[in-house]
Amino acid sequence: MTSGLRELVLKGTWTTIQLLVLSALLAAAVSFAVGIARTHRLWVVRFLAGLYTEVFRGTSALVMIFWVFFVLPPAFGWQLVPLWAGTLALGLTYGAYGTEIVRGALAAVPPFSNLLVELLKGTALVSVMGMGDLAFSGNLTRLMRGLEHHLKAGVR
């Protein structure tokens, strides 16, 4: 590969890395903000978050890039650098997909806490191997107190 082609590939690689990192940061921020908003107690907040999610998930990333770079900025008299337009379009598009992941994760928290309760109950099972958990220690204490009581009653 000639040095000119190598430089072109390296420049393209650097652009891809920048776009990936910046879009991922924006997508993560959007995912958490809108995902939390999707579970808000006010219906209007849930509605707006849902509207954003459905519009951006329902529109292809290529169409969104076109709108963010070629349509919206000129309509408002702006001009966006291609890297920022791409970051904005990809971050908002993929953030909408992340929103549903966050919403689902938040909805899974009450069942997940049930798993913690089941795990707490399951810790007593380690007593079968002689491990001194709370249930094992409690039972041992009960037995020792009973033995002490029995011995004191027998001494009299």
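A few notes on this one:
- The range 42-85, residues that are touching a residue at least 40 places away in the same chain (Cβ under 8 Å), surrounded by 15 or more Cβ atoms within 10 Å (Cβ to Cβ) and aliphatic (A, V, I, L, M): Ala49
- Residue that is surrounded by fewer than 11 Cβ atoms within 10 Å (Cβ to Cβ), of a type in the set (Gly, Ala, Ser), over 29 Å from Ile17 (Cα atoms) and at pLDDT below 80, where the choices are Gly138, Gly146, Gly154: Gly154
- Of all residues in the range 106-130 being over 30 Å from Arg46 (Cβ atoms) and surrounded by 12 or more Cβ atoms within 10 Å (Cβ to Cβ), the one that is modelled with the lowest pLDDT: Ser127
- For the range 1-34, a tally of residues being more than 30 Å from Ile101 (Cβ to Cβ) and hydroxyl-bearing (Ser, Thr, Tyr) returns 2.
- Pairs, first touching a residue at least 24 places away in the same chain (Cβ under 8 Å) in the range 8-22, second of a type in the set (A, V, I, L, M) and assigned to a helix (DSSP H, G or I), C-beta under 8 Å, six or more apart: Thr15/Leu83; Gln18/Leu83; Leu19/Leu83; Leu19/Leu90; Leu22/Leu83
The values are calculated or read from the model by the stated rules, or taken from the named source; none is laboratory data. If you're wondering where the values come from, they're calculated on a predicted model, not measured in any experiment. Backbone-built Cβ (ideal geometry, glycine too); neighbour counts: all protein chains shown.
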